[in-house]
Amino acid sequence: ELLVIGSANADLVVSADRRPGGGETVLGGDTEILPGGKGANTAVAAARLGADVALVGAVGDDPYGSVLLDSLRGSGVDTGLVRTSSRPTGIAYITVTPDGENSILVSPGANGSIEPADVEGIFDGVKTVVLSLEIPLPTVERAVAAAADAGVKVLFNLSPAAKISDATLAALDVLLVNEHEAAWLLGGELDDPRQLLELGPKAAVVTLGARGAVVVTEDGAVEVASPKVEAVDTTGAGDAFAGALAAAVTAGKSLVEAAEHAVKVAAISVTRRGAQPSYPTSDEV
Ligand code: ADP
């Protein structure tokens, strides 16, 4: 089984001619409510591809929480480890302006209530775990240590970028980052992705947007090109990649084979609007 530990958010998306400044009111378009959050997106991406996947997370006891649980279950994600918190469901308030620029205010809510105790004793029968941020760092670091102790393969999507301990980095089987996160980790510049292994993980995958990804193992760096597609919305592409990579690794593929699969899945996802609704099934891939 594949376990995803991470956030679930309702994305409230509204278009506007311009974003309001301090003290200002701007009228926008109709609100779209979309299921999101890095953890939930990753779990849905993997489940659509046929993986046996459970999410560890939290939502509030409110209508947005129900929307998120329905979306997860509808895609075949096991929600038995998604706790209902006394805090409200996490919400991302997203304003989209005509230049295509997003401004996003995230209210973590229930995601902030996921505690180290929630990740104890959950790794029985688990082959692979995928973690991302948007949930408390102490919980993520505890989960990495517990998973590594239990002999579970650990994939860590260091997004959004945050300072994690050397011990956590050293416990990772795969560090997954985009170019910006990789540069940040390496102190500002991504010259040679192989340098990521000096931070401690056994392997690393850097996603390169339309160019695809590069896989780094002790055997060196291998570039995996993306299929050429017409991108209409890249929201959640990184999460689609993470879910597909984890599903393939869990199915026994090598990391390079898994990345070859993940670039196809992520490329399809950018040709359609939204995050979770854009994720393909294995038949489509
Ligand atoms: P993030 O979404 O986390 O910033 P990237 O921009 O690197 O990460 O995108 C993640 C993956 O999504 C890429 O490795 C690639 O496979 C796919 N992808 C993103 N943008 C495009 C694009 N314009 N065309 C094809 N694939 C894309």
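Would you mind telling me the antiparallel percentage of the DSSP bridges in the stretch 64-175, rounded to 5?
For the stretch 64-175, the DSSP antiparallel bridge percentage is about 45.
Have a look at the DSSP beta bridges in the chain and tell me what percent are antiparallel, nearest 5.
35 percent
What residues have an amide H closer than 5 Å to that of Val224, excluding those fewer than 5 places away on the same chain, when H is modeled at 1.01 Å from N in the peptide plane?
So Val224 has HN proximity to Ala213, Val214, Val215.
List the trypsin sites (Lys or Arg not before Pro) within the stretch 4-52 that fall in a DSSP loop (any state other than H, G, I, E or B) and whose Cβ has at most 16 other Cβ atoms within 10 Å.
Sparse-neighbourhood loop trypsin sites (Lys or Arg not before Pro): Arg18.
If you rank Phe123, Phe156 by fewest surrounding Cβ atoms within 10 Å, what's the result?
Phe123, Phe156
Restricting to the stretch 1-105, what percent of DSSP beta bridges are antiparallel, rounded to 5?
Percent antiparallel among DSSP bridges in the stretch 1-105 is about 35.
Quick one: what are the phi-derived ³J(HN,Hα) couplings along the stretch 88-96, Karplus 6.51/-1.76/1.60 with θ = phi - 60°, whole Hz, x for glycine and proline?
3J(HN,Hα) across the stretch 88-96, in whole Hz: x, 3, x, 10, 10, 8, 10, 9, 10.
For the stretch 54-66, just list the computed ³J(HN,Hα) in residue order, Karplus coefficients 6.51, -1.76 and 1.60, θ = phi - 60°, integers in Hz, with x standing in for Gly and Pro.
10, 9, 9, x, 8, 10, x, 8, 8, x, 5, x, 5
What residues have an amide H closer than 5 Å to that of Gly90, excluding those fewer than 5 places away on the same chain, when H is modeled at 1.01 Å from N in the peptide plane?
For Gly90, the qualifying residues are Ala10, Gly60, Ala110, Asn111.
By counting other Cβ atoms within 10 Å of each Cβ, how are His180, His261 ranked from fewest to most?
The order, fewest Cβ neighbours first, is His180, His261.
Please count, across the chain, the pairs of lysine residues with Cα atoms under 20 Å apart that sit 8 or more places apart or on different chains.
12
Could you tell me, in Å, what Rg and Dmax come out for the Cα atoms of the stretch 26-80?
Reported Rg and Dmax, both Å: 12.8, 45.
Quick one: Lys264, Lys163, fewest Cβ neighbours within 10 Å first, how do they rank?
Lys163, Lys264
In the P(r) worked out for the stretch 98-153, what percent of Cα pairs fall beyond 18 Å?
The calculated P(r) of the stretch 98-153 puts 44 percent of pairs beyond 18 Å.
How long is the gain from Glu189 to Leu137 if the chain were fully straight, where each residue apart is worth 0.36 nm and the alpha carbon distance is subtracted?
Contour length minus the Cα-Cα distance gives 16.3 nm.
Every number here is computed from the coordinates shown, using simple stated rules; none is lab data. Every value quoted in this text rests on a predicted model; they were computed, and no experiment measured them. Counting neighbours? That spans all protein chains shown, and the Cβs are built from the backbone with ideal geometry, glycine included.
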